[in-house]
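The values are calculated or read from the model by the stated rules, or taken from the named source; none is laboratory data. The shown structure was predicted, so the numbers you read here are calculated from the model rather than taken from an experiment. Virtual Cβ from ideal backbone geometry, glycine too; neighbours counted across all protein chains shown. These accessible areas exclude ligands, DNA and RNA; they are computed on the full protein's heavy atoms, side chains included. Shrake-Rupley method; radii C 1.70, N 1.55, O 1.52, S 1.80 Å.
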Amino acid sequence: ALERTLSIIKPDAVAKNVIGEIYTRFEKAGLHIVAAKMKHLSREEAEGFYAVHRERPFFGALVEFMISGPVMIQALEGEDAIAKNRDLMGATNPKEAAAGTIRADFAESIDANAVHGSDGAETAAQEISYFFADGEICPR
Ligand code: CMP
């Protein structure tokens, strides 16, 4: 099905200057960027975005990392966009990520793991609306 998913290029990958290389992977996989913004998240924005992880032991480190520098946030659209983006990203822990995936190629650790992608249809809709107003999305 035609889907949209939320993608975040995290501070480590932005600092490495690989936004374009990651965008190329989306495009080569048939995913279209239909909204994008670069932003240095506030603590409140990062905590709100990851609210589902609030009770996890890694929450504090996750928030600190996500506000350590600017991120690039995009909505991706395409056939099976949610699963396709997760395939492109690879496993959450880069040490377990398959060769050729974004995390295997660009990420250093489970905290600094280069990218975020929505994990399901409901989270995708919720995460896209967290960062983009309807008028900021440009349908194809
Ligand atoms: P992300 O897909 O952005 O969602 C939550 C993030 O928490 C995850 O990527 C990781 O970067 C980070 N994280 C740190 N430790 C863990 C862990 N043990 N399990 C899952 N996510 C973790």
Requested in this report: For segment 3-21, name all the residues that are within 11 Å of the ligand (Cβ to nearest atom), in a strand (DSSP E or B) and open to solvent by 10 Å² or more (accessible area, probe 1.4 Å).
Outcome: none
Query - Residue that is nearest to Asn17 (Cα to Cα) [pool: residues in segment 42-76 that are in contact with a strand residue (DSSP E or B) (Cβ under 6 Å, 6 or more places away or on another chain) and within 13 Å of the ligand (Cβ to nearest atom)] - result: Val71
Query raised in the report: Out of all the residues in segment 37-50, is one or more within 19 Å of Asp12 (Cα to Cα), touching a Ser or Thr at 6+ places or on another chain (Cβ under 6 Å) and of a type outside the set (A, V, I, L, M)?
Result: no
Report task. Test each condition in (1) open to solvent by 20 Å² or more (accessible area, probe 1.4 Å); (2) more than 13 Å from Thr5 (Cα to Cα) for Ala83 and report the one that comes out false. Result -> (2)
Report summary line: How many residues of segment 74-109 are touching a residue at least 40 places away in the same chain (Cβ under 8 Å) and closer than 15 Å to Asp12 by Cβ? The answer is 4
Query - Pairs with Cβ under 6 Å, 6+ apart, first in segment 114-135 and over 21 Å from Pro70 (Cα atoms), second away from the ligand (no atom under 15 Å from the Cβ) - result: none
Report task. Give me a count of the residues in segment 77-104 that are closer than 20 Å to Ile19 by Cβ and within 15 Å of the ligand (Cβ to nearest atom). Result -> 12
Query raised in the report: Among the residues of segment 132-139, is there at least one that is out of contact with any His (no Cβ under 6 Å at 6 or more places or on another chain) and buried (at least 21 other Cβ atoms within 10 Å of the Cβ)?
Result: no
Report task. Mind listing just one residue for me: the one in segment 105-121 that is open to solvent by 40 Å² or more (accessible area, probe 1.4 Å) and either more than 8 Å from the ligand (Cβ to nearest atom) or farther than 15 Å from Leu62 by Cα (or both) and, of those, nearest to the chain's Cα centre (by Cα)? Result -> Asp119
**Report entry** Residues of segment 13-70 satisfying the condition of being acidic (Asp, Glu), farther than 22 Å from Glu122 by Cα and touching a residue at least 12 places away in the same chain (Cβ under 8 Å)
**Finding:** Glu21
